[in-house]
Amino acid sequence: MNPEILHLYAWDVAYEIPLAEVRSLLGPSGDTQIRPEKAAPRDLPHERSLRVPLPQVEAGGFQIAISANLFAFGVIALTLRYTASGARLGDFASHHDPVFPGGSTLNSIARRSLDEVMAKIQHRLKRPRISPDQPEAYTVFRFTPDDVGMKDAAGWLIEHGLEVAGLITGEADPGRLSGVEVEETLAERFSYYRDDLVVIDWDAALVIDRSPAADVLRVLELANLQLVEYRHYDQELDAVVGRAYGDLERLTNRRVFSFSAGGLLGELRELRISLSEVADEIENATKYIGDWHLARQYLGCATRFHIPEWRRSVEEKLKTLDELYNLVATESSNQKMLILEIIIVVLFVIDLAVLAFAAAK
């Protein structure tokens, strides 16, 4: 067996990457989009990106090909791929997170490659927002049907289900897995032809196909970067909402004569608009039409990655932010009205004093 092992990484690096501006900074590149190899709607929506090949790296006897995929909504996705060899599926379980001689890891190789890209484009990024230290990583094992002796996907999976579950979960001894765990691991499985198969789990996927399966890999990449975006914004919203509660409490305790609400109000307004816009862009990255094969695979990814749950978490926090925005606006308006009323009363008292002084003369 000589499968191709792919490691997908995704970092959130900025609010926006202007693809047209950075294209000339990165050397040879090309636009990418899903080109389905199976039946699909004629007018397929897609999220364009900029894919850039990076220098190969040699590690542990493997020639690792690397490419970077830049998305306009601020995500850089890296793909590291190499060919391995072994006699059975279990021989590749160690490739989930291999450590090469000298202590080099795929994570460190990926980070160095990201730094190369960032050094060229960082000055063009719009509103860089985080240090990209914690990527979202995913592993794909891609075999051909001849590699595994598969002629009928359904029958082959029944015979080799335990080995597949061990490979995907990274278990060195798959015989210890329970039947329940095996069935759960194999639950999100898809087959279009009799001799192709995709099994998706939360940390890795098995792809068996005679073609390079670029469309399947693209779906996995999009779902992975969608997850990293939701996770990033969930964390950012936690911090912002917590800070907003504190600011609102301090604003309320000041009672009157406080004009500090304007800054908080502007900050909340800007953040709410930005997050709503990015949330729309994240959704557009995986906007599919109809019930076709790749769409079903994406739904399998969404289930495994818990993307609906992350989306709901972000939406709930956006709703909380909206409520805080309204509270601050109301508090600010009330304070301004109270100040205006005090000014009117003071002017009225002054007017009465002037009249009384004039009458006394």
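Is at least one residue of region 114-134 closer than 27 Å to V216 by Cα, within 22 Å of the chain's Cα centre (by Cα) and assigned to a strand (DSSP E or B)? No: region 114-134 contains no residue that is closer than 27 Å to V216 by Cα, within 22 Å of the chain's Cα centre (by Cα) and assigned to a strand (DSSP E or B). Mind listing whichever residues of region 82-106 are closer than 18 Å to G149 by Cβ, among the small types (G, A, S) and in a loop (DSSP other than H, G, I, E, B)? Passing the criteria: A84, S85, G86, A87. The residue list Q134, Q122 contains one member that is out of contact with any strand residue (DSSP E or B) (no Cβ under 9 Å at 6 or more places or on another chain) and exposed (fewer than 15 other Cβ atoms within 10 Å of the Cβ), which is Q122. With respect to (1) touching a Phe, Trp or Tyr at 6+ places or on another chain (Cβ under 8 Å); (2) within 21 Å of P308 (Cα to Cα); (3) not assigned by TED's automatic domain parsing to the domain that holds W310, the lone exception for E229 is condition (3). All conditions in (1) of a type in the set (A, V, I, L, M); (2) surrounded by 19 or more Cβ atoms within 10 Å (Cβ to Cβ); (3) under 24 Å from F62 (Cβ atoms) hold for A87, with the sole exception of (2). The residues in region 321-342 that are surrounded by fewer than 14 Cβ atoms within 10 Å (Cβ to Cβ), touching a residue at least 24 places away in the same chain (Cβ under 8 Å) and within 21 Å of I273 (Cα to Cα) can be counted, and the count is 1.
Kindly indicate whether any position in region 339-360 is within 30 Å of V240 (Cα to Cα) and of a type outside the set (D, E). Among the residues of region 339-360, at least one is within 30 Å of V240 (Cα to Cα) and of a type outside the set (D, E), which makes the answer yes.
For the condition among the charged types (D, E, K, R) and over 21 Å from the mean Cα position of the chain (by Cα), R111 does not qualify. Selection within region 157-186: residues that are among the polar types (S, T, N, Q) and part of a helix (DSSP H, G or I). The member of this set that is surrounded by the most Cβ atoms within 10 Å (Cβ to Cβ) is T185.
The values are calculated or read from the model by the stated rules, or taken from the named source; none is laboratory data. Remember, predicted model here, so these are calculated numbers, not experimental data. Note: ideal-geometry Cβ built from the backbone for every residue, glycine included; neighbour counts use all protein chains shown.
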